[in-house]
Amino acid sequence: MLNELLFKFASWLDTFQSSTDLHESLYMYAWVEGTHVLTLMLFLGMLLAIDLRLLGVAFKEVPASTIVERLDKPMMLGFIVMVISGLLLYYAIPVRSTQSIWFRIKVVLLISAGINALLIRNMTRSSDMSWDNDPVPPKRIRVGAALSLSLWLCVIGVGRSMAYDWWDCKKELPYFMYWAAGCVEEMAAFE
Amino acid sequence: MDLVFIFEWLDTSLLAEIAKSSSGVFALVQTVHIASMVMLGGMIMLGDLRMMNVLLTNVPSGIIIKNTKKWIYLALVFIILSGIYEASAIAMKLAHNSFFFAKMAGLAMGIAFILSIRSAVYARAPSATQQETGGGTQQQPETVSPMVVKLVAITSLLIWFSVASAGRWIGFS
């Protein structure tokens, strides 16, 4: 049911001429993708500095709250550019992206990383910041930071894998994979 | 000077054979390459933007530069190792790719810049030397002007942005 809905939505997006134009443009698609990848350095670079401080392995002389608060704005700026460029990339290739198992895993990972980031943000903005100047923060904070780094590393890996056609719908795959990737037409042919 | 023989050698090496045999491992190495790029870019930006008084202005610049240094070196090691692996799989394609040569020239320039001018100037930046002498009451004589520090920071950002952009463009050319 959800697979059919997503497929219909992607197919509808695909009918727009601007979607095709963006995908087939000589330079525009490359610029958007280049921006998406290069903004990683701003967004994840700042996040890395925050997480390394929360892990207690870097910037130990600086209060954790200073690093978190001061790097929040550039990090969010990078995040906004990444979201906009990411949406444009999806718009350029809606059907293949919707039917990519990697894209689906990436969305799940992004949601998980977002929830984890909110939890960390709450923990670092709570009234109990007695550990703020400690070189090594409490265990719950370090676990959150390690989870954050792991999730974003997986997001990079899965994002990179989207370029490969290992499990594209056109390939011969088990039914489960067709279902997981949302290959609606292939699933119908199976039945 | 014709460098094609290096690419020909790389193309027939054992490394190339391994890199071409598994696209899964290749994708994994690409992930390491991008993650290292994030580490390098993030730490460079942190240091340079601090020196331009854009980020973390309430933290002494010496602390930021000291803390970012080892991560920059670590990232460079991973970038070079994963880069050689990636290059071995498409060596002959890269032999005639202008963006690859632009990236390599930029990378060499970036490394030389970090090891020489950037570290020398940042060590003599007014805020860094104030911190070393404890609190800013007494400055060391060998400080460089804030304008020079900012110029070095902008140059550093430009070099690394060019390297990353040229790297991304290899995939499109």
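All of the numbers you see were taken from the coordinates with simple rules; none came from a lab. The model shown is predicted, which means the values in this text are computed figures rather than measured ones. With ideal geometry, Cβ positions are generated from the backbone for all residues, glycine too; neighbour counts draw on all protein chains shown.
Return the whole-Å distance between the Cα centroid of region A:141-191 and the Cα centroid of region B:59-82. Measuring centre to centre over Cα atoms gives 33 Å.
Take each residue in A:38-50, count the other chain C-beta atoms within 10 Å of its C-beta, and the mean is 6.
Taking a threshold of 22 Å on the Cα-Cα distance, which of the pairs A:LYS8/A:LYS106; B:LYS20/B:LYS93; A:LYS171/B:LYS93; A:LYS60/B:LYS69; A:LYS60/A:LYS139; A:LYS106/B:LYS20 fall above it? Flagged as over cut-off: A:LYS171/B:LYS93; A:LYS106/B:LYS20. Cα centroids of region B:1-36 and region A:71-118: 29 Å apart.
Other residues with beta-carbon under 14 Å from the beta-carbon of A:ASP72 carry, at +1 per Lys or Arg and -1 per Asp or Glu, a net charge of +3. In region B:4-170, the convex hull through the Cα atoms has an average projected area of 10.5 nm², a quarter of its surface area.
Per DSSP helix of 4 or more residues, -39500 (n - 2.57); summed, then divided by the residues of chain A. What does that give at 222 nm, rounded to the nearest 500? That calculation yields -25000 deg cm²/dmol at 222 nm.
Absence of a disulfide-compatible partner, taken as no other cysteine beta carbon within less than 4.7 angstrom, is noted in chain A for A:CYS154. Counting Cβ atoms of other protein chains within 10 Å of each residue's Cβ and taking the mean over peptide A:70-79 gives 2. When each of the peptides A:179-190, B:48-59, A:91-102 is scored by how many other beta carbons lie within 10 Å of its residues on average, the order from highest to lowest is A:91-102, B:48-59, A:179-190. Near A:LEU151: Cβ cut-off under 12 Å, other residues only, Lys/Arg at +1 and Asp/Glu at -1. The net charge is 0. Under the criterion of Cα pairs below 8 Å and six or more residues apart, the relative contact order for chain A equals 30 percent.
Other residues whose C-beta falls under 13 angstrom from the C-beta of A:THR15 contribute a net charge of -1, scoring Lys and Arg +1 and Asp and Glu -1. With the helix formula -39500 (n - 2.57) applied to DSSP H stretches of n ≥ 4, chain B reaches a computed 222 nm mean residue ellipticity of -24500 deg cm²/dmol.
Among B:SER173, B:SER162, which comes first, second and so on when ranked by fewest other beta-carbon atoms within 10 Å?
Numbers: B:SER173 12, B:SER162 17.
Exposure proxy ranking, most exposed first: B:SER173, B:SER162.
Of the GluC sites (Glu not before Pro) found in region A:1-61, no site is in coil according to DSSP while having at most 10 other Cβ atoms within 10 Å of its Cβ. Residue exposure proxy: A:MET82, B:MET92, ordered by other Cβ atoms within 10 angstrom of their Cβ from fewest to most, comes out as B:MET92, A:MET82. Counting pairs of Cα atoms in the protein assembly as shown, how many percent are more than 27 Å apart? Considering the protein assembly as shown, 55 percent of its Cα-Cα pairs are separated by more than 27 Å. Going from the residue with the fewest nearby Cβ atoms within 10 Å to the one with the most, A:LEU87, B:LEU40 rank A:LEU87, B:LEU40.
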